[in-house]
């Protein structure tokens, strides 16, 4: 998103393919846990938690705005939070009630594709998203556009006032 010459990045996604037949599940999961810490939740499929590393297809880490591990919401299913590309760049319309996703969803999501050999992953997609920041940036962009439009409207009115009286 670009506003007034500044760029706001609130979503980054990277896909990594592992050569040959893939990378050992245990190796990749250990590496991610060393980098990001213990995950908030591990999934077999989106929304189905697991503690069995051999079945993991996704890991999710939640953070607060200071980068510390964030709490798992008790009443909100985080798999329903948009992870970036399916969220419009502009702010949410006023009639949309902002929920936990919109106020607190700051996460790293790692999704895996199992290779032909079940003990290996052949692909990983990591998405980093800060939905509250993205929405604040969208709100700021929306306000900036409104200010520009209001300024243009005022200039048009002033021009109209400066015109000579028509001869009737």
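For the reader, a short list of remarks on this structure follows.
- Of all residues in segment 40-64 being touching a helix residue (DSSP H, G or I) at 6+ places or on another chain (Cβ under 7 Å) and part of a loop (DSSP other than H, G, I, E, B), the one that is surrounded by the most Cβ atoms within 10 Å (Cβ to Cβ): 56
- Within segment 85-102, the presence of a residue that is assigned to a loop (DSSP other than H, G, I, E, B), modelled with pLDDT under 90, touching a strand residue (DSSP E or B) at 6+ places or on another chain (Cβ under 7 Å) and buried (at least 17 other Cβ atoms within 10 Å of the Cβ) is excluded.
- Residue match in segment 135-158 (condition: buried (at least 18 other Cβ atoms within 10 Å of the Cβ) and either farther than 30 Å from residue 69 by Cα or touching a helix residue (DSSP H, G or I) at 6+ places or on another chain (Cβ under 9 Å) (or both)): yes
- Cross-chain or 6+ apart pairs with Cβ under 6 Å, segment 35-61 first and more than 18 Å from residue 77 (Cβ to Cβ), then surrounded by 13 or more Cβ atoms within 10 Å (Cβ to Cβ): 36/61; 36/108; 53/29; 55/44; 56/42
- Any hit, segment 10-32, residues being at pLDDT below 95 and in contact with a helix residue (DSSP H, G or I) (Cβ under 7 Å, 6 or more places away or on another chain): yes
- For first residues located in segment 104-118 and surrounded by fewer than 20 Cβ atoms within 10 Å (Cβ to Cβ), partners that are assigned to a loop (DSSP other than H, G, I, E, B) and lie 6+ apart or on another chain with Cβ distances below 6 Å form the pairs 115/21; 115/22; 117/21.
- Number of the exception - residue 75 against (1) modelled with pLDDT under 75; (2) buried (at least 16 other Cβ atoms within 10 Å of the Cβ): (2)
- Residue within segment 42-61 that is farther than 18 Å from residue 112 by Cβ and modelled with pLDDT of 90 or more present: no
The values are calculated or read from the model by the stated rules, or taken from the named source; none is laboratory data. If you're wondering where the values come from, they're calculated on a predicted model, not measured in any experiment. Here Cβ is always computed from backbone atoms with ideal geometry, including for glycine, and neighbour counts include all displayed protein chains.
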